[in-house]
Amino acid sequence: MSRRARVVLFALVAPVFSVLFVLAARGLPSFGSDFHPYGDRAVTVATVQRASANVVSSVNFDQRAVDTLGEEFILFGSVIGTVVLLRPSPEEREIGHPEEGRVLPTTRLAGYLLLPVSVLVGCYVIAHGQLSPGGGFQGGVVLATGWHLLYVAGRYAALRRAVPQTVLEVIESLAVAAFVALGVAGLGLGGGFLANMLPTGSLGALLSGGTVPVINAAIGVAVAAAVVLLLAAFLEQTIILRRADHQDPP
Amino acid sequence: MMLVIVLALGLVALTGAVVVLTRDPAQQAVTLSVFGLTLTILFVTVQAPDVALSQLAIGTAVVPLMIMLTIRKVGGRR
């Protein structure tokens, strides 16, 4: 599309969109008001009935768990798509000794020091999803990015050897399957798909909220494996794979 | 509190414009990361810490890294 055509299209659409947007937003309750009919109900169900101190987690993994299952499959699907798209093509080959980038000693030290810290933070965020902000998704991403501190420290070869890609693929699939299995268990024991069928415990205890911490754990593993697989697909392309006719500069 | 929210929103608008006006993709990855950080601050000020955590992990770390790696791979073929 030419620049002129784009400007004309924008000039036509922008006024219509702005008028409709303003009209649509006029019906909203004003910002910061205390009228929250859905919020009040969600908070009551989460804290009084299901003993889940973090209401957001209760909505994500209990009251609207089916939505989260859908999101989990979006991530699963995009990881499969990325891994398929970025697979080595016939004219690419692995280079025997990937270049070790020059890493400052301080960067290396920071990587080694922060690796255990971020793994601990990741596990903490996953385990406390029902109590404090965070949960499986956030914790899983922290775990996966923390794991890549090894790459920042210049040890990509070690990172690659430690957990092979096939193992990650199996872990990822099992974790997603566990989420679905919890849903089916809810259908059998609680009378609905992903129904909260476990005892809820007392508000604020580490094991509270019924199925919320269990689903959080499954999602934490699934997301961590998914992000590592995703970044591995990109890292392999950048660091390991070269075209067969490629000559390394002398 | 309202002032803090307006400030955070202004910061998001400012860094968002900087991302759009950055022409070089490699530099854009860095400005995108800063934009992600300002969005995180905005989410914290409107009391959405769960979303802020997701934004911090995905928007300031994973996405810029993926862009950098892609640029390096594609740039090497030119």
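Restricting to the stretch A:43-71, count the residues that are within 14 Å of chain B (Cβ to nearest Cβ) and closer than 16 Å to A:Ala177 by Cα. Residues that pass the stated criteria total 3.
If you go through the stretch B:33-78 one residue at a time, how many are aliphatic (A, V, I, L, M), over 16 Å from the mean Cα position of the chain (by Cα) and in a helix (DSSP H, G or I)? Residues meeting the conditions: 3. Per this entry, B:Gly59 is counted among residues that are within 13 Å of another protein chain (Cβ to nearest Cβ) and of a type in the set (Gly, Ala, Ser).
For residues in the stretch B:9-32 being assigned to a helix (DSSP H, G or I) and more than 13 Å from the chain's Cα centre (by Cα), which is nearest to the other protein chains (Cβ to nearest Cβ)? Steps first, answer last, please.
Restricting attention to the stretch B:9-32, the residues satisfying the condition of being assigned to a helix (DSSP H, G or I) are B:9-21, B:25-32.
Narrowing further to those that are more than 13 Å from the chain's Cα centre (by Cα): B:9-10, B:21, B:25-26.
Details: B:Leu9: 11, B:Gly10: 16, B:Leu21: 17, B:Pro25: 15, B:Ala26: 13 Å.
It comes out as B:Leu9.
Looking at A:Val223, A:Val228, A:Val142, can you tell me which residue is free of Cβ contacts under 8 Å to residues at least 60 places away in the same chain, within 14 Å of chain B (Cβ to nearest Cβ) and within 22 Å of B:Leu56 (Cβ to Cβ)? Give the derivation first.
On the way: A:Val223 fails: free of Cβ contacts under 8 Å to residues at least 60 places away in the same chain; A:Val228 fails: free of Cβ contacts under 8 Å to residues at least 60 places away in the same chain.
Being free of Cβ contacts under 8 Å to residues at least 60 places away in the same chain, within 14 Å of chain B (Cβ to nearest Cβ) and within 22 Å of B:Leu56 (Cβ to Cβ) holds for just one of A:Val223, A:Val228, A:Val142, which is A:Val142.
Close contacts from the stretch A:21-34, counting a first residue that is closer than 20 Å to B:Met1 by Cβ and a second that is among the hydrophobic types (A, V, I, L, M, F, W, C), with Cβ to Cβ under 7 Å and a gap of 6+ residues or different chains, come to A:Pro29/A:Phe35. A:Val180 meets the conditions (1) more than 14 Å from chain B (Cβ to nearest Cβ); (2) modelled with pLDDT of 90 or more; (3) surrounded by 16 or more Cβ atoms within 10 Å (Cβ to Cβ) in every case but one. The failed one is (3). Picking from residues in the stretch A:99-139 that are polar (S, T, N, Q) and crowded, with 17+ Cβ neighbours inside 10 Å, the one that is farthest from the other protein chains (Cβ to nearest Cβ) is A:Gln130. Has the stretch A:20-28 got any residue that is closer than 30 Å to A:Gly209 by Cβ, modelled with pLDDT under 90 and either touching a Leu at 6+ places or on another chain (Cβ under 9 Å) or not charged (D, E, K, R) (or both)? No, the stretch A:20-28 contains no residue that is closer than 30 Å to A:Gly209 by Cβ, modelled with pLDDT under 90 and either touching a Leu at 6+ places or on another chain (Cβ under 9 Å) or not charged (D, E, K, R) (or both).
So which of A:Val221, A:Val167 ends up being crowded, with 19+ Cβ neighbours inside 10 Å, in a helix (DSSP H, G or I) and at pLDDT 90 or above? From the options A:Val221, A:Val167, the qualifying one is A:Val221. Taking the criterion of being closer than 27 Å to A:Gly134 by Cβ and outside any helix (DSSP H, G or I), the residues of the stretch A:1-59 that qualify are A:Phe31, A:Gly32, A:Asp34, A:His36, A:Arg50, A:Ala51, A:Ser52, A:Ala53, A:Asn54.
When each of A:Pro105, A:Pro133 is tested for being over 21 Å from B:Gly59 (Cβ atoms) and not acidic (Asp, Glu), the lone residue that passes is A:Pro105.
Kindly provide the set of residues from the stretch A:236-246 that are at the interface with chain B (Cβ under 8 Å from one of its Cβ atoms) and either buried (at least 23 other Cβ atoms within 10 Å of the Cβ) or out of contact with any helix residue (DSSP H, G or I) (no Cβ under 7 Å at 6 or more places or on another chain) (or both), ordered by number.
To start, the set of residues in the stretch A:236-246 that are at the interface with chain B (Cβ under 8 Å from one of its Cβ atoms) comprises A:237-238, A:243.
Matches in the stretch A:236-246: A:Arg243 only.
Looking for whichever is closer than 22 Å to A:Val152 by Cβ and buried (at least 19 other Cβ atoms within 10 Å of the Cβ) here; the options are B:Leu42, B:Leu56, B:Leu37. Which one fits? Even if it seems obvious, please write down each step before you answer.
On the way: B:Leu42 fails: closer than 22 Å to A:Val152 by Cβ; B:Leu37 fails: buried (at least 19 other Cβ atoms within 10 Å of the Cβ).
Result: B:Leu56 is the single residue among B:Leu42, B:Leu56, B:Leu37 that is closer than 22 Å to A:Val152 by Cβ and buried (at least 19 other Cβ atoms within 10 Å of the Cβ).
Only one residue in A:Val22, A:Val16, A:Val84 is exposed (fewer than 10 other Cβ atoms within 10 Å of the Cβ), more than 13 Å from chain B (Cβ to nearest Cβ) and under 30 Å from A:Ile126 (Cβ atoms). Which one? Going through A:Val22, A:Val16, A:Val84 in turn, just one is exposed (fewer than 10 other Cβ atoms within 10 Å of the Cβ), more than 13 Å from chain B (Cβ to nearest Cβ) and under 30 Å from A:Ile126 (Cβ atoms): A:Val84. Counting residues in the stretch A:88-98 that are within 17 Å of A:Val176 (Cβ to Cβ) and touching a helix residue (DSSP H, G or I) at 6+ places or on another chain (Cβ under 7 Å) gives zero. All conditions in (1) surrounded by 14 or more Cβ atoms within 10 Å (Cβ to Cβ); (2) touching a residue at least 40 places away in the same chain (Cβ under 8 Å); (3) more than 30 Å from A:Gly39 (Cα to Cα); (4) not basic (Lys, Arg) hold for A:Ala65, with the sole exception of (3).
The values are calculated or read from the model by the stated rules, or taken from the named source; none is laboratory data. Remember, predicted model here, so these are calculated numbers, not experimental data. In this analysis, Cβ positions are derived from the backbone assuming ideal geometry, glycine residues included, and neighbour counts consider all displayed protein chains.
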